[in-house]
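J.: Let me give you the structure first, and then I'll get to my questions.
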Amino acid sequence: MNTLTSQQLFEKAQHYIPGGVNSPVRAFRAVGGSPVFIKSAKGPYIYDEDGNEYIELINSWGPMILGHAHELIQKAVQDAIQHSFSFGAPTRREVEMAEQIVSMVPSIEKVRMVNSGTEATMSAIRVARGFTGRDKIIKFEGCYHGHGDSFLIAAGSGAVTFGTPDSPGVTRGVANDTLTAPYNDLNAVQQLVDANKNHIAALILEPVVGNMGCVLPEEGFLQGLRKICDEEGIVLILDEVMTGFRLSKGGAQERFGITPDLTTLGKIIGGGMPVGAYGGKAEIMNWVSPAGPVYQAGTLSGNPIAMAAGLAMLNYLNEHPEVYTRLEEAGKRLASGFRTSMQKLGLNYTLNQIGSMYTLFFTDQPVTDFSAAKSSDLILFGKYFHAMLNKGIYMGPSQFESMFLSTALTDGHIDTIVSANEESLKEILSI
Ligand SMILES: *Cc1c(COP(=O)(O)O)cnc(C)c1O
């Protein structure tokens with residue numbers, strides 16, 4: 001048999017694929033070394049091409065909330081495959097999917113399926129712009145909303161300045177329409193709004209951030225944003241691509257009791273298939289073509305195989321509230337284990353955790369926004385990452401990522417992660 005190691009695959013990949021990967025974080029550039037190439041996964045375990053087994057904390061960046069290759073989802077996909085892979089025509093499952101989403105996420109009255117989280121957020125701001133007749137949007141530093149041009153914007157030099165492109169290829173024109181504020185800073189938002197009266201179409205945020213590492217909204221922050229949006233006629237978009245169906249059945253909005261105008265979804269909603277969705281108030285969603293004038297389409301949108309996987313996932317989550325009880329328990333067990341270890345070792349790093357999401361930041365500052373997250377010791381994180389990997393724990397390869405627990409993790413697995421964490425900390429700090 002002609003099998004290549006991860007290292008050999010990565011060398012070959014770099015000949016044919018930019019940087020050797022189809023999404024940048026996978027290349028391990030933030031932690032050094034060479035990425036492991038994955039061969040298969042089942043339940044709480046993932047296996048690489050080199051024959052190593054790891055306990056999973058990435059879980060495809062969220063979708064595998066029930067662990068890998070869950071039988072129900074597998075079966076749903078197998079059943080669907082027999083009837084062909086795509087029609088480009090309406091199907092029964094799309095209706096069932098929409099009905100299920102509307103029943104699970106109370107703020108959503110109508111929903112449109114797309115193929116990724118990126119498509120969902122791009123489309124949501126287009127609708128918000130069409131609906132309000134305004135051009136500008138507000139986003140928060142460190143929040144990630146996919147790779148649409150409007151979101152690849154870094155902070156400007158002051159609270160009321162325009163953003164600057166964060167990537168070559170994003171035009172100044174686009175950047176001028178995106179305003180940025182620090183997360184958890186209501187005053188900064190109010191200043192932006194005051195300085196841009198009647199020009200702001202939408203405010204978009206991760207209601208719990210996963211993409212600068214796990215960062216929680218402070219008391220009153222989400223409610224404050226809701227109030228500002230109401231006063232100014234701004235469309236409030238909660239990007240729940242990561243938190244949707246994870247932090248509760250109805251996402252972060254249910255957990256924090258906040259009602260957005262639009263919600264974007266992805267990850268879990270596809271059960272591992274490429275799926276996204278955006279939805280919200282019927283009054284706004286009726287602007288989407290062909291009901292309304294805002295154009296948005298997709299050859300593979302509502303794809304039958306993807307719908308089968310997603311629907312099986314959502315049905316399961318809807319009927320099994322104990323999933324969320326278990327994820328809460330698992331998250332608490334892990335966090336308390338990590339805290340005990342740090343106390344024992346005399347360390348004061350910041351652990352942010354909520355439900356099945358967490359990040360250990362290598363800083364002793366509280367991490368409530370991107371600048372605090374950036375105070376982390378990234379060299380140390382790289383060492384920690386590799387120490388954990390060597391102990392069989394598969395983590396997100398960057399300080400600025402959240403980990404995701406699944407229901408496939410038993411208390412035994414959590415305890416293994418906790419002791420690997422303690423050993424890794426000792427090792428990298430020579431304690
Ligand atoms: C992953 C993610 C996206 C982008 O989704 P893709 O499917 O990768 O395009 C958007 N927003 C948030 C909050 C995400 O976590």
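J.: Among Ile153, Ile38, Ile65, which one shows the biggest mean-square fluctuation in a GNM of the chain, springs joining Cα atoms closer than 10 Å?
T.: Result: Ile38 has the largest fluctuation of those listed.
J.: So, counting K/R as plus one and D/E as minus one, what does the shell of residues with Cβ under 12 Å around Ala175 add up to? Mind dumping the intermediate values first?
T.: Numbers: positive: Lys136, Lys139, Arg172; negative: Asp149, Asp166, Asp177.
Here the charged neighbours net out to 0.
J.: For Ile81 paired with Ile38, estimate the spin-label separation in nm (one decimal), with each label point 7 Å from Cα along the Cα-to-Cβ line.
T.: Each label point lies 7 Å from its Cα, and together they span 1.8 nm.
J.: Which of the lysines could be linked to Lys426 by a straight reach, that is with a Cα gap under 27 Å, when you skip same-chain ones fewer than 8 residues away?
T.: Lys426 reaches Lys332, Lys344, Lys374, Lys383, Lys391.
J.: Assuming R0 = 41 Å, can you tell me the calculated FRET efficiency for the pair Arg92 and Asp411, based on Cβ-Cβ distance, to the nearest 0.05?
T.: Numbers: r = 41 Å, r/R0 = 0.99.
Plugging the Cβ-Cβ distance into 1/(1 + (r/R0)^6) gives 0.50.
J.: Additional query: Based on alpha-carbon centroids, what's the gap between segment 306-372 and segment 196-232 in Å, whole number please?
T.: Between the Cα centres of segment 306-372 and segment 196-232 lies a distance of 22 Å.
J.: Where nothing but the Cβ of Lys and Arg (+1) and of Asp and Glu (-1) is charged, how large is the charge dipole of segment 71-319 around its Cα centre, in debye to the nearest 20?
T.: The calculation lands at about 400 debye.
J.: Something else about it: Among the aspartates and glutamates, select those whose C-alpha is under 16 Å from the C-alpha of Lys39, and discard any that sit fewer than 8 residues away in the same chain.
T.: Asp48, Glu49, Asp50, Glu53, Glu56
J.: Helix-derived [θ] at 222 nm for the chain: sum -39500 (n - 2.57) over DSSP H runs of at least 4, divide by residue count, nearest 500?
T.: Working: 14 runs with 164 residues, N = 431.
Calculated mean residue ellipticity at 222 nm is -11500 deg cm²/dmol.
J.: When the dipole is taken about the Cα centre of the chain, and only Lys, Arg (+1) and Asp, Glu (-1) are charged at their Cβ, what size is it in debye, to the nearest 20? Mind dumping the intermediate values first?
T.: Working: 33 positive and 44 negative charges, 93 e Å.
Dipole of the chain, to the nearest 20 debye: 440 debye.
J.: Hey, another quick one. How big is the shadow of the Cα convex hull of the chain, averaged over all directions, in nm²? Can you show the working numbers first?
T.: On the way: hull surface 84.3 nm².
Averaging across all directions leaves 21.1 nm² for the Cα convex hull.
J.: Once you put a point 7 Å from the Cα of Asp364 and another 7 Å from the Cα of Gln191, both along the Cβ direction, what distance in nm separates them?
T.: 3.0
J.: Here's another thing I want to ask about it. Provide the percentage of antiparallel DSSP beta bridges, counting only those with both residues in segment 71-319; round to the nearest 5.
T.: Numbers: 12 of 29 bridges.
Rounded to the nearest five, the antiparallel share is 40 percent.
J.: Let me ask another. Based on DSSP, what percent of beta bridges with both residues in the chain are antiparallel, to the nearest 5?
T.: Close to 60 percent.
J.: Convert each backbone phi in segment 163-170 into a coupling constant with the Karplus relation 6.51 cos²θ - 1.76 cosθ + 1.60 (shift: θ = phi - 60°), then list the ³J(HN,Hα) values in order as whole Hz, x for Gly and Pro.
T.: x, 10, x, 9, 8, x, x, 9
J.: Just to verify a number: FRET efficiency for Glu99 and Tyr295, C-beta to C-beta distance, R0 = 25 Å, to 0.05? Walk me through the numbers on the way to the answer.
T.: Values: r = 25 Å, r/R0 = 0.99.
For R0 = 25 Å, the calculated efficiency reads 0.50.
J.: According to a simple spin-label model (label point 7 Å from Cα along Cα-to-Cβ), what is the distance in nm between Ile17 and Leu429?
T.: Spacing of the two 7 Å Cα→Cβ label points: 3.6 nm.
J.: Working from the alpha-carbon coordinates of segment 122-267, get Rg over Rh, Rh being the Kirkwood radius.
T.: 0.93
J.: Among the GluC sites (Glu not before Pro) in segment 189-260, which ones are in a DSSP loop with at most 16 other Cβ atoms within 10 Å of the Cβ? Mind listing them?
T.: Working: sites: Glu218, Glu219, Glu231, Glu232, Glu240, Glu254; in loops: Glu218, Glu219, Glu240.
Hits after loop and neighbour filter: Glu218, Glu219.
J.: Okay, next question. Towards the positive end of the charge dipole of segment 71-319, with charges on Cβ (+1 Lys, Arg; -1 Asp, Glu), say which of Ser167, Val111, Pro293 has the farthest Cα.
T.: Value: Pro293.
J.: Can you spot the lysines whose alpha carbon is less than 17 Å from Lys139's alpha carbon? Ignore those fewer than 8 places along the same chain.
T.: Reachable lysines: Lys197, Lys227.
Computed from the coordinates by the stated procedures, all read-outs in this text should not be read as laboratory data. If you're wondering where the values come from, they're calculated on a predicted model, not measured in any experiment. Note that each Cβ is placed from the backbone with ideal geometry, even for glycine, and that neighbours are counted across all protein chains shown.
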